[in-house]
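Inspection log for the structure reproduced underneath, given as structure tokens.
The values are calculated or read from the model by the stated rules, or taken from the named source; none is laboratory data. Only a predicted model underlies this, so the values are computations on that prediction, with no experimental measurement involved. Heads up, the Cβs are rebuilt from the backbone with ideal geometry, glycines too, and the neighbour counts pull from every protein chain shown.
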Amino acid sequence: MADRDDLVRKPLFLEAADEPLLHGDAAMPPNGAEPGANVAALVAHRVLGHASGTPARLIKHNADLVGRRSPLERCEAEGAARPVVDDDGNRPGPIARPLRRRGDPAHAGRGPKPIPLSDVVFAMTMKCYTLMSARRASTDIKTSAEAGNMTRAPHYNSILAAFEKTEMTAILTKLIERSAAPLAGIDTSFAVDSTGFGTCVYRRWYDAKYGKEMKKATWLKAHAIVGTTTNIIASVKVTDSDGADSPQLPGLVEAAKQNFEMGEVSADKAYLGHDNLAAIDTAGASAFIPFKLNSQADGSPAWRKMHAVFMFKQEEFLAAYMKRNNVESTFSSVKRKFGGSVRSKVFTAQVNEILCKVLCYNLSMLVHAMHKLGIEPSFLGQVAA
């Protein structure tokens, strides 16, 4: 059997490390007045730095030197390497730490200090970005903390516990909408659709007809509104597999119009309905949803307007409706980059894991827009040329 010291002294390797993430040389966006903007700027800065760095490479960690130190020397070395923070827990320098949540009392007394929310969100996003389990992704997360991109790296059990928190769903949804805001001046045409994500959870029941136990895999459905120019996801809502498509459209349109000037919204026949057309018309956009065979021309003003375009301006209608294909390309890209299934078993954790995948995708599209369109991301809703 190999000696324990020999195992400790073996060089460790970390794959897919990027220069901005390791060295912290990317500039941090300024803190906004709204807490959600601070979280969005912080997470986007960190993940953008990870996504837009140099190609993946192997980094050798000189672990044998740590193994040869005495316990006292190791404690002194760790204390010297630990960054200095102010009374509010923020680091000096270009990378600010805006979260601990505003209004939260400072930690006092014994016991473990609470993990800053910004570090938790970053760790959750990094876990999904690496396509690995929380235990395996912890090495990349620790490297980010050592490079100064985090206050401290959460334990992988803390990351998994954060996925199961219901309050993280609203935070991640807000981050997705904030990550799409820099492209507000580019996208004016949108498409709505849904897609499924697989799970490792099965429903089991005893079937009296066949006299044996049956099982069926469960899955979740992500409803999204996507910009057809940049394929950015403006807003998303995750439901179970039984969640209907049509009732989700008004909420998606309402969320998207907070950051975008909407000109067109296209969707398939599943979204045809008076409430959906009214929501699109209220947002100041034109709806392009094909009618069914038994649809009548009578209805609301928005219904009659779209029916007239559908019947008498077929070429114009089809040209706008075919932009809906971009939402299918977006879903395909999300699944090819970050996986089409989730590892979590609890429903809330599954929802948050899907939202993290969408957030990673949006940030990767921002990197693409930075190189192709020459923009600088601004998380206040403007696009800097």
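A few points about this structure:
- Being among the hydroxyl-bearing types (Ser, Thr, Tyr), assigned by TED's automatic domain parsing to the domain that holds Ser341, farther than 29 Å from Pro377 by Cα and not in a helix (DSSP H, G or I) is a condition met by no residue of region 190-197.
- Within region 298-346, tally of residues that are touching an Asp or Glu at 6+ places or on another chain (Cβ under 8 Å) and aliphatic (A, V, I, L, M): 6
- Residue in region 316-327 that is surrounded by fewer than 17 Cβ atoms within 10 Å (Cβ to Cβ) and within 15 Å of Ala224 (Cβ to Cβ) present: yes
- Scan region 102-146 for residues that are in a loop (DSSP other than H, G, I, E, B) and modelled with pLDDT of 90 or more and the total you get is 4.
- Qualifying positions in region 214-231 - of a type in the set (Val, Ile, Thr) and over 15 Å from the mean Cα position of the chain (by Cα): Thr218, Thr228, Thr229, Thr230
- Number of positions in region 218-239 that are outside any loop (DSSP other than H, G, I, E, B) and within 14 Å of Thr195 (Cβ to Cβ): 13
- Residue within region 267-287 that is touching a residue at least 60 places away in the same chain (Cβ under 8 Å), surrounded by 20 or more Cβ atoms within 10 Å (Cβ to Cβ) and of a type outside the set (Gly, Ala, Ser) present: yes
- The one condition in (1) loosely packed, with under 14 Cβ neighbours inside 10 Å; (2) closer than 25 Å to Thr188 by Cβ; (3) not acidic (Asp, Glu) that Lys216 fails to fulfil: (2)
- Failed item, numbered, when Ala297 is tested on (1) surrounded by fewer than 16 Cβ atoms within 10 Å (Cβ to Cβ); (2) over 27 Å from the mean Cα position of the chain (by Cα); (3) aliphatic (A, V, I, L, M); (4) not in a loop (DSSP other than H, G, I, E, B): (4)
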